[in-house]
Amino acid sequence: MRHRFGASMLELDQTRLQERFRGLGLTAIGDLTLRVPVRVAGEVKRVVHAPRYGVPMLEVMIHDGTGTIVAIFTGRRWIPGLDHGRATIFEGVAMRDRDRTVVYNPAYTLVA
């Protein structure tokens with residue numbers, strides 16, 4: 001209890017997210033291995049429609065308390081249910097793209 005009163009809001013949020021997704025058989029975003037299939041979960045922190053070369057692309061950033069990952073859906077302008085604050089699970093192959101970890105066209109599951 002003493003830790004909760006002395007902790008910052010950021011630390012409390014990170015702890016809450018880590019507890020929320022514990023026990024689901026997921027890889028923590030901060031611990032994932034690149035270029036192998038991964039299954040990660042987090043809350044949506046940002047949704048951006050970012051077309052490239054005339055092709056619609058939707059970028060969805062999730063955070064699980066250990067790190068962030070961006071899912072890039074090519075050919076999509078929006079996905080019903082993928083809104084800010086929504087918990088979701090992504091399954092795909094993670095890789096580095098410039099200074100961020102991304103997964104292209106992952107399978108996704110919306111978590112209640």
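Every number here is computed from the coordinates shown, using simple stated rules; none is lab data. From a predicted model like this one, the values you see are computed outputs, not experimental measurements. Using ideal geometry, Cβ is built from the backbone for each residue, glycine included, and neighbour counts are taken over all protein chains shown.
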Conditions (1) surrounded by fewer than 17 Cβ atoms within 10 Å (Cβ to Cβ); (2) in contact with a Leu (Cβ under 9 Å, 6 or more places away or on another chain); (3) not acidic (Asp, Glu); number of the one not met by Arg52: (2)
Answer residue from region 64-96, given it is among the charged types (D, E, K, R) and surrounded by 12 or more Cβ atoms within 10 Å (Cβ to Cβ) and is nearest to Leu10 (Cα to Cα) among those: Asp64
Pair list, Cβ under 6 Å, 6 or more apart: region 41-63 residue basic (Lys, Arg), other residue in a strand (DSSP E or B): Lys45/Met61; Lys45/His63; Arg46/Met61
When residues of region 97-112 are limited to those that are over 11 Å from Ile69 (Cα atoms) and among the β-branched types (Val, Ile, Thr), the one surrounded by the fewest Cβ atoms within 10 Å (Cβ to Cβ): Thr109
